[in-house]
Amino acid sequence: MHGVYVLRSKVDGDLYIGYSHDIKRRLKEHNDGKVPATRRRIPLQLIYCELFINRGDAMRRELYLKSGWGRNYLVKVLKETLE
């Protein structure tokens, strides 16, 4: 399975959107400081994910969620989580 995930920094509340075929392993890499983009924002919490059978579908979804429309979607869907 291929997944798109959203992480939230417990330090500053910022969101990080990514793609992985192993979300559990990738979350550990983020929290172990092995990912330069999130190293300064650990600890991170997984707050949302979507799974896909096809890699291309997952990567297109990741690009969408990183867009302005996608971020607006996440704010609406995760309203209580982000409060």
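For the stretch 12-41, the set of residues classified as touching an Asp or Glu at 6+ places or on another chain (Cβ under 8 Å) and within 22 Å of Leu78 (Cα to Cα) consists of Ile17, Gly18, Tyr19, Arg41, listed by residue number. Only strands (runs of 3 or more DSSP E) whose full extent lies in the chain are considered here, and the ones with at least 2 residues that are surrounded by 13 or more Cβ atoms within 10 Å (Cβ to Cβ), aromatic (Phe, Trp, Tyr) and in contact with a Phe, Trp or Tyr (Cβ under 9 Å, 6 or more places away or on another chain) are 15-20. Which residue pairs have Cβ atoms closer than 9 Å, lie 6 or more positions apart in sequence or on different chains, and pair a first residue in the stretch 29-44 that is among the charged types (D, E, K, R) with a second residue that is assigned to a helix (DSSP H, G or I)? Close Cβ pairs satisfying both conditions: Lys34/Lys28; Arg39/His30; Arg41/His30.
In the stretch 41-83, of all residues being among the charged types (D, E, K, R) and closer than 12 Å to Tyr16 by Cα, the one that is farthest from the chain's Cα centre (by Cα) corresponds to Arg41. Selection of first residues in the stretch 1-15 that are closer than 15 Å to Ala37 by Cα and of second residues that are among the hydroxyl-bearing types (Ser, Thr, Tyr), restricted to Cβ pairs under 6 Å at least 6 apart or on distinct chains, gives the following pairs, ordered by first then second residue: Val6/Tyr48; Leu7/Tyr16.
Read-outs throughout are calculated quantities, based only on the coordinates presented, and are distinct from any laboratory measurement. The structure displayed is predicted, hence computed values, not measured ones. FYI the Cβ positions are ideal-geometry reconstructions off the backbone, even for glycines, and counts take in every protein chain you see.
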